[in-house]
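Peer 1: Shown below is the structure under consideration.
Computed from the coordinates by the stated procedures, all read-outs in this text should not be read as laboratory data. Predicted, not measured: the structure shown is a model, and the values here were computed from it. Quick reminder, even Gly has a Cβ in these numbers, built from the backbone with ideal geometry, and neighbours come from all protein chains shown.
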Amino acid sequence: MEADIKKMHQNPPYGMIIIMFIGAFVALLNNTLLNVAIPTIMEEFEVSPSTVQWITTGYMLVNGILIPASAFFIQRFTNRKLFLTAMMLFSLGTALAMLSPTFGVLVFARMVQASGSAIMMPLLMNVMLTAFPVEKRGTAMGFFGLAMITAPAIGPTLSGYVVEHHDWRVLFGIVLPFAIFTLIYAFN
């Protein structure tokens, strides 16, 4: 085991880390993407302001529960299986949200998305901490930090543009190809 870690420190798995970064970026972008679309969604599904907040609250609740639980999953499953599962859940939730016929389905879809997203963040950090030697971890974590602050900052701006010119479902249509690409690439 220690020989494997030394070998990984000499040649970090950059391809795997890049794919995980793309997945994490898309998941983080999705976190704030619907905030601007809330009034439009509220109008379309004819729900109250307190009810429509569940698309955000449900997402955050699932994240808050599964991020700590991911430590258990990381110890029980391989990184590859865990990442593939997370991306499958995220992709499935995104597709379901895009096609949701009712508000309840949209809330459920967001929770499915969140379950995938919540697993990705700690998994990526774990991979970076084991893949890079101590002297290079700060740089690796700095790049992860860029994804963590850039994606949520882009979300509301992109959402505002899309909602102004297109249907709110396009927000999920933008995210879905990136999620599917990441999933397909991760299988190889």
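Peer 1: Place +1 on the Cβ of every Lys and Arg and -1 on the Cβ of every Asp and Glu in the chain, take the dipole about the Cα centre, and give the residue among G142, T157, S117 whose Cα lies farthest towards its positive end.
Peer 2: G142
Peer 1: Give the share of C-alpha pairs in each 10 angstrom bin for segment 148-188, from 0 to the last occupied bin, in whole percents, shortest bins first.
Peer 2: 26, 43, 27, 5
Peer 1: Assuming a viscosity of 1.002 mPa s and a temperature of 20 °C, what translational diffusion coefficient in µm² per second does Stokes-Einstein assign to segment 95-169, Rh being the Kirkwood radius over Cα pairs? If you can, show how the numbers build up before the last one.
Peer 2: Values: Rh = 14.9 Å.
In µm²/s, the coefficient rounds to 143.
Peer 1: Then there's this: Considering only T56, L96, A71, whose Cα is most displaced toward the positive end of the charge dipole of segment 13-187, charges sitting on Cβ of Lys, Arg (+1) and Asp, Glu (-1)?
Peer 2: About the Cα centre, the residue reaching furthest to the positive side is A71.
Peer 1: Further question: Out of segment 27-75, which GluC sites (Glu not before Pro) are coil in DSSP terms and have no more than 13 other C-beta atoms within 10 Å?
Peer 2: Working: sites: E43, E44, E46; in loops: E46.
For GluC sites (Glu not before Pro) across segment 27-75 that sit outside H, G, I, E and B with at most 13 neighbouring Cβ atoms in 10 Å, the list reads E46.
Peer 1: Something else now. Based on Cβ point charges of +1 for Lys and Arg and -1 for Asp and Glu, what charge dipole magnitude is obtained for segment 13-187 about its Cα centre, in debye rounded to the nearest 20?
Peer 2: Details: 7 positive and 6 negative charges, 156 e Å.
With Lys and Arg at +1 and Asp and Glu at -1, about 760 debye.
Peer 1: To test your reading of the geometry: what angle, between 0 and 90 degrees and rounded to tens, separates the Cα axis of helix 169-187 from the longest principal axis of the chain?
Peer 2: Result, in degrees: 20.
Peer 1: Hey, could you get me the Stokes-Einstein D for segment 13-187, Kirkwood radius over alpha-carbon pairs, 25 °C and 0.890 mPa s, rounded to whole µm² s⁻¹? It would help to have the intermediate numbers written out before the result.
Peer 2: Values: Rh = 16.4 Å.
My calculation gives 150 µm²/s for D.
Peer 1: To continue, here is another question. Rounding to the nearest 10 and keeping the result within 0 to 90°, find how far the Cα-based axis of helix 54-76 lies from the longest principal axis of the chain.
Peer 2: 20
Peer 1: A further question on this structure: Of the candidates L176, L99, L29, which one comes out as most mobile in a Gaussian network treatment of the chain with C-alpha springs shorter than 10 Å?
Peer 2: Looking only at L176, L99, L29, the biggest GNM fluctuation is shown by L99.
Peer 1: Which angle from 0 to 90°, rounded to the nearest 10, does the C-alpha axis of helix 79-99 make with the longest principal axis of the chain?
Peer 2: 10
Peer 1: Can I ask one more? How many angstrom lie between the C-alpha centres of segment 10-52 and segment 59-77?
Peer 2: After rounding, the separation between the Cα centres reads 17 Å.
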